[in-house]
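Report on one structure; see the data block that follows.
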Amino acid sequence: MQMQGRLVLLAVAISIAGLAVYRISGRSAKTEPTTIAQGTAAIPVPQGWESHSDPVGLSVQTPVGWTMNTDRHMGRVDLHGAASEQIIIWPIFVPGLLDASSAVVVLRRLASQVLPDVAWNVIPTTSSNTVRMSGRSSGRSTLALLTWTAGPKGSAAYLYLISAPEQQFRQGQGDFARILQSLNIAGPQAGETSSAPQVNYVAWQDPRERAFTVEVPNQWKVTGGLFRFASVDTRPVVDMTSPDGQIHVTGGDAEIPPFTIPNQTLKMSGFSEGSWYSPGYGVNMMVRNYHSGVEFAKEYVSTKVARNCENLDFVQERDRPDVAKAINSIYSQFGAGVASMQLSTGEVAFTCTSGGRPMAGYYFAGTLLTQVAGMPGGLWSVQMLYGFLATPDQATTAQGVLDHGLQTFQYNPAWWKMQQNLAGLTSQIVTKTNNEISNIINDNYWSKQTSDDELSRRRSNATLGLVDVIDEATGREIKVESGSNYYWIDPRGAIVGTDTYTKPSIDFRELLQLP
């Protein structure tokens, strides 16, 4: 199976023109004089440098005199320097899971396709998702790197090639690092901004029963409250929309009822799947087969959140048993679990198009299955349902609003005492649970896609084989060649790397190595 997978990857690499997932419009780039966007902040352009941008959002800084060309068909970006330097960035998608061995095959084939005259040598690396090669040809030095991230449909990868005459290659490593650090490949459309405005929050109280409070963005449209369908069937909802309509954040849904699993007894009584059944006390349940958290999240997005969208694509969908375990431990602290209960949690990230405008979204769902020994079927309900839909440049803001809402949501203890005669314990459970969900949302797909300075720093270091160290005595940050476990500096500024924790001599002091 592993060999078959590698052959598939090799075949994919041969026909690489069909694999580009980043489509770039036009072959020339616009040059801008001041700053470029990097994630959610603008990076100043240093003196003697200029910024280049592409209409689809790619932006990068280079020394003055460099040019940028983009290949719409191949999805490739070419940067050329005044001294014959060349940097190539090539995003690709491989429908399979890459490992170190198969990635080397793909990297060698792609690099040889771009620079066929170079003799390549693999450079050992400790990274689990990066492979590197070096090569020389006709007086030029070249570095090739492939880094990838696994997803539900395959591996998204980036090929980087840096080539220059040997002298310029040695002298230009600092410039190459700065260029790669400034690279932003997932920026906004031309004319849009990616800055995330400061959000001011105000307290919002459930207007229906004053059952809970939550902090929401000031001047946003907020609806919802506690919807009561029976004495024991209450459904809290918070629905927030930004003033410009570009962000929609929700928690809960009053239209989702409790469910009962189909069984032979219900069937004989005429209750088939999709029908309604009442066990009494004014409670109405829908007869429906159980859905896991990720299954329900995907269905909810498809049928409700994105029902008016086109081109819906789930870029990530995954179960989160780690979250279920954490939350079950919270329940157990307060004596929950009288019956046999199974909590399933999962999340989805997706993209779609609404009114011709690209959108990005995320939803987390938790479904709780309750079963009693000796009784057929069981009951289940959607205990957690949180998420957002926003324009891509506002996804970070949407995530922050969702996170803040979870952190500040609190039930009114007096209401809980009236509702269930509990002395505030359930409110504590909700608070602790929401903290756990908040941690998950901060680790979701769109979070990992944010291009910030720290990711750029690590990417450029991995490409160039460098590592960042800090001289704690002066506060100065220095880039040094990687490959050693410890680094030392003497009063003259000489830097030495060692594999063991041993000073080269008495006058050396240790440099702090950044991750």
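If you take the residues of the range 393-413 that are assigned to a helix (DSSP H, G or I) and in contact with a Gly (Cβ under 9 Å, 6 or more places away or on another chain), which of them is nearest to Phe259 (Cα to Cα)?
Leu406
Hey, among Asp244, Asp253, which residue is charged (D, E, K, R), touching a Leu at 6+ places or on another chain (Cβ under 8 Å) and under 26 Å from Gly355 (Cα atoms)?
Asp253
Report, ordered by the first and then the second residue, all pairs with beta carbons closer than 6 Å, sequence separation of six or more or different chains, a first member in the range 466-494 that is more than 19 Å from Arg132 (Cβ to Cβ), and a second member that is of a type in the set (S, T, N, Q).
These pairs meet every condition: Val469/Gln513; Tyr486/Thr498.
Determine which member of the set Asp393, Asp313 is modelled with pLDDT under 90, of a type in the set (D, E, K, R) and under 20 Å from Gln246 (Cβ atoms).
Result: Asp393 is the single residue among Asp393, Asp313 that is modelled with pLDDT under 90, of a type in the set (D, E, K, R) and under 20 Å from Gln246 (Cβ atoms).
Gly135 versus (1) surrounded by fewer than 19 Cβ atoms within 10 Å (Cβ to Cβ); (2) touching a Phe, Trp or Tyr at 6+ places or on another chain (Cβ under 6 Å): which is the lone unmet condition?
Result: Gly135 fails condition (1) only.
On the basis of being farther than 30 Å from Val480 by Cβ and at pLDDT below 85, does Pro207 make the cut?
no
To keep it simple, each residue is scored yes or no on (1) over 39 Å from the mean Cα position of the chain (by Cα); (2) among the hydrophobic types (A, V, I, L, M, F, W, C); (3) at positive phi; (4) assigned by TED's automatic domain parsing to the domain that holds Gln399.
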{"residue": "Gly252", "(1), (2), (3), (4)": "no, no, yes, yes"}
{"residue": "Glu255", "(1), (2), (3), (4)": "no, no, no, yes"}
{"residue": "Ile261", "(1), (2), (3), (4)": "no, yes, no, yes"}
{"residue": "Leu266", "(1), (2), (3), (4)": "yes, yes, no, yes"}
{"residue": "Ser269", "(1), (2), (3), (4)": "yes, no, no, yes"}
{"residue": "Gly274", "(1), (2), (3), (4)": "no, no, yes, yes"}
{"residue": "Val287", "(1), (2), (3), (4)": "no, yes, no, yes"}
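Filter the range 345-357 for residues that are free of Cβ contacts under 8 Å to residues at least 40 places away in the same chain and assigned to a strand (DSSP E or B) and give the result.
Arg357, the sole residue that qualifies.
Give all pairs with beta carbons closer than 9 Å in which a residue from the range 287-306 that is assigned to a loop (DSSP other than H, G, I, E, B) meets a residue that is of a type in the set (Phe, Trp, Tyr) and surrounded by 17 or more Cβ atoms within 10 Å (Cβ to Cβ); count only pairs at least 6 apart in sequence or on separate chains.
Short answer, once both residue conditions are applied: Arg288/Phe259; Arg288/Trp380; Asn289/Phe259; Tyr290/Phe259; Tyr290/Trp380; His291/Phe259; His291/Trp380; Ala306/Phe350.
State yes or no: is Ser381 in a strand (DSSP E or B), modelled with pLDDT of 85 or more and over 21 Å from Val237 (Cβ atoms)?
Criteria not met by Ser381.
The values are calculated or read from the model by the stated rules, or taken from the named source; none is laboratory data. Quick caveat: nothing in here was measured; it's all calculated off a predicted structure. Neighbour counts are summed over all protein chains in view; Cβ atoms, including those assigned to glycine, are modelled from backbone coordinates with ideal geometry.
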